[in-house]
1. If you average the sequence gap of Cα pairs under 8 Å that are 6 or more apart and divide by the length of the chain, what percent do you get for the contact order?
2. Taking DSSP loops as anything outside H, G, I, E and B, show the longest stretch in the chain free of GluC sites (Glu not before Pro) there with at most 15 other beta carbons within 10 Å.
3. Would you order 50, 314, 75 from fewest to most other beta-carbon atoms within 10 Å of each residue's own beta-carbon?
4. State whether region 92-157 is rounded, prolate or oblate according to the following rule on the C-alpha gyration tensor (a ≥ b ≥ c being the square roots of its eigenvalues): a/c under 1.5 gives rounded; otherwise a/b larger than b/c gives prolate, and the remaining case gives oblate.
5. Taking neighbour counts of Cβ atoms within 10 Å as a proxy for exposure, in what order, fewest first, do 322, 240, 266 appear?
6. For a quick check, take a GNM of the chain with Cα springs below 10 Å and name the residue from 221, 251, 355 with the largest mean-square fluctuation.
7. When the chain is treated as a GNM, springs tying every alpha-carbon pair under 10 Å, which of 295, 168, 354 comes out with the largest mean-square fluctuation?
8. In region 59-116, which chymotrypsin sites (Phe, Trp or Tyr not before Pro) are in a loop and have at most 14 other Cβ atoms within 10 Å, using DSSP for the loop call?
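Derivation of every value follows stated rules applied to the coordinates shown; laboratory data play no part. Nothing here was measured: the structure is a model prediction, and the numbers come from that model. Using ideal geometry, Cβ is built from the backbone for each residue, glycine included, and neighbour counts are taken over all protein chains shown.
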Amino acid sequence: MTVKAEGFGTLDKALTDIMNSYFDDDEEEDWTAPVEWESRRREVSYLVCCEQGHETVRTYGGDPGLVVWVQCETCGAIYQARIPGKYRGRKVRQSTQRKRDAIFDIFAESGPTMTVRQVYYALAVRRFVPKTHDGYRQAGYQLTALRRLEIMPYGWIADNTRWQIKPTTYTGLESAMQIWHDAYRRDLWARQGVHVEVWVEKDALAGVIAPVTRRYDVPLFVARGFSSMTFAYDAAEAIKEIGKPTYIYHFGDFDPSGVSAALTLKEELGRHGARAQFRRMAVTRDQVEAMDLPTLAVNRKDPRAGTWQHPYVCELDALPVKELRSLVESSIVQHIDHAQLEQTRKAESIEKTTFDEMRRYFVQERNNGDVMRAAL
Ligand SMILES: [Zn+2]
């Protein structure tokens, strides 16, 4: 038998033949077809315990034998727990382990959530990474690795990019009532004489501040400097509508753009006729000096650098998380009438009980068949 080498007259013909045979043999792939994909990840839930004996469920799908980080669901304590089984993964270099231990300590001290940049600054201050771009890269790399290995829960790093647009829906009246009951909060400010807002320049840091503003039922806005003329207009309209003495606390970088953006926002509010006390809470030069915060060189490319009177700039992320949160808290708390707050909380608790009784009454009546099926 002879095997003849495949020959094409010309390159052109060869290409045409190849093309034709390609389409002859293979079915064209349909890129719009849905992809069936099954994860092989096996997630196991472990019951772990903090020092005070509170139990927390920690789900985990990583390597056996690893020591993972946990936040107690009851007291908020940060601790480590070993997943059962023998560790068969790669050995971790000592220098890497030291960095990871330092990251754990930072979280144990401040609690989640933090931004990558905040962790980087905290590591740089403790001299675990250099205060350079490479140091930032190292911090980012470790935080990615720690989350991929599932040592650190994903939610510990804030990025505030998850958005969904969907109407609120319920599976039925009973579950809706449960959700309303759990979510019900009485407006803490309705009976306070003033209105307070917190504005932050950076998206990601909003996630860090939100636990505090949420606790005190204070609106938190991300005010991104110069791009937000509409933002300032909307804010002004809202403040006029509320009609109470208003206090705005602004948190942003200590740099030419950050500071002048804050001033612009303040001017815009005035331009639209809103009367509000506007105060830049952080970062200030006094804070940099009092806390010896890590600084950066002034970026001379910044068009506003010419008027900058200071020898350095400092990012809001450089402020330790604890300081940041306590600044937010003290800004708010000074305006609260505590007797009034106490009354509001009492009313809220009574209303929640009432609501719960309504829910139970509804369930009971439905079981008795007195509520029309159609209503469900
Ligand atoms: Zn606990």
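1. Details: 454 pairs, mean separation 48.7, N = 376.
About 13 percent, as a whole number.
2. Numbers: sites that count: 6, 27, 28, 29, 36, 38, 43, 51, 73.
Between exposed loop sites, the widest span is 74-376.
3. On the way: 50 19, 314 24, 75 12.
Taking fewest neighbouring Cβ atoms as first place, the list is 75, 50, 314.
4. Numbers: a/c = 1.42, a/b = 1.17, b/c = 1.21.
Rounded shape, in that the Cα axes give a/c under 1.5.
5. Details: 322 11, 240 15, 266 18.
Going from least to most buried by this count: 322, 240, 266.
6. Looking only at 221, 251, 355, the biggest GNM fluctuation is shown by 355.
7. 168
8. Working: sites: 60, 69, 79, 87, 104, 107; in loops: 87.
When the chymotrypsin sites (Phe, Trp or Tyr not before Pro) of region 59-116 are filtered for loop state and at most 14 Cβ neighbours within 10 Å, 87 remain.
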